[in-house]
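Student: One structure coming up, written as structure tokens, with questions to follow.
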Amino acid sequence: MSEDKNVVTNAPQAPEKTTVVASIGGTGMPSKNPFWKKKWFKITAIVFVLLCIIGSCSGNKKQSDSSHASSTTASAPAVTQEEKDKTATSEEISKLQANYDQYINADQNWLASYTPESVAKLTAALDNAKKVLDNTSATSKEVNKASDDILNAVKNLKEPEAPAEHKAALKKAQTYSDRMYMSKQGIYEQLTSEYGEGFEPEAAQYAIDHVKADWNNNALQKAKTYRDRMSMSKNNIYEQLTSQYGEKFTADEAQYAIDHLDD
């Protein structure tokens, strides 16, 4: 019996079981590195930060440019106002004075040839110019405007609508000047002659006043005709041009023709 017990006691024992305890939330597998320690995450974060910095710099520059533009725009009116308030120079005042003097004593017959409305505008411009000239502290803008107003009023003087007969006389006068190179007096007499056109003196005078003619050139063309077709001397040509029985040019017009006959 004692031998059997010893046999049992000395028999090899079964190995002890090893218990593997999983960590909370784990699977029993070795744990991995968290994502914020990954290389791709670090690169992404760096790129994002750089983009933010660049965007911030660009925004600041635009804001600075905008502020600069606003500052420039705001300062412009101050310069313009300064120019407007600048005292007129002596040259500007002299120019206004010259324009004023030229038209303040204008010939009344000349003014009567224009419509009352347009003459009234010129009168108003002259009245204003007188006030500006009397103002010793007038600004450059005021003086220049007064001067321009006078010139614009003169430029915009309008003639009244001419009667049909006046227009017809003018058309005839233009033809006599352009095609026959007649003198001013010669055309007038041709227009009023009962053996000519038979226009009333008023219509003929209107035509003479409005015909577009170079009387010196007309005299020269007549002189060339006498020389080329009739072989006349310069003395005889001059006499023919100025004669009351000839072409009726003025002495100055005839002399111009003789002086330029060989040009």
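Student: What are the extents of the Cα atoms of segment 117-220 along their three principal axes, in Å, largest first?
Tutor: 65, 32, 16
Student: Determine ³J(HN,Hα), in whole Hz, for all residues of segment 237-249 in sequence, where each value follows from phi through the Karplus function 6.51 cos²θ - 1.76 cosθ + 1.60 and θ = phi - 60°; x replaces Gly and Pro.
Tutor: Couplings: 5, 4, 4, 5, 5, 9, 5, 6, 9, x, 8, 6, 6 Hz.
Student: Would you calculate the separation in nanometres between label points at Lys131 and Lys158, each defined as 7 Å from the Cα along the Cα-to-beta-carbon direction?
Tutor: 2.5
Student: Something else about it: In whole Hz and in residue order, list the ³J(HN,Hα) couplings for segment 113-125 that follow from phi through the Karplus curve 6.51 cos²θ - 1.76 cosθ + 1.60, θ = phi - 60°; x for Gly and Pro.
Tutor: 7, 10, 5, x, 5, 6, 5, 4, 5, 5, 4, 5, 5
Student: Between Asp263 and Asp107, what is the label-to-label distance in nm when each label sits 7 Å out along the Cα-to-Cβ direction?
Tutor: If labels sit at Asp263 and Asp107, their model points lie 2.6 nm apart.
Student: Now, a different point. Determine, from the Cβ-Cβ distance of Arg229 and Thr123 and an R0 of 51 Å, the FRET efficiency 1/(1 + (r/R0)^6), rounded to the nearest 0.05.
Tutor: 0.45
Student: So for each of 154-165, 175-186, 94-105 I average, over its residues, the number of other beta carbons within 10 Å; can you give me the resulting order with the highest mean first?
Tutor: Top to bottom by mean Cβ count within 10 Å: 175-186, 94-105, 154-165.
Student: Ratio of Rg to Rh for segment 176-263, alpha carbon only, Kirkwood?
Tutor: 1.00
Student: Here is a further query. Of the listed pairs Lys86/Lys141; Lys131/Lys158; Lys95/Lys145; Lys95/Lys158, which have alpha-carbon separations greater than 18 Å here?
Tutor: Lys131/Lys158; Lys95/Lys158
All of the numbers you see were taken from the coordinates with simple rules; none came from a lab. Remember, predicted model here, so these are calculated numbers, not experimental data. Here Cβ is always computed from backbone atoms with ideal geometry, including for glycine, and neighbour counts include all displayed protein chains.
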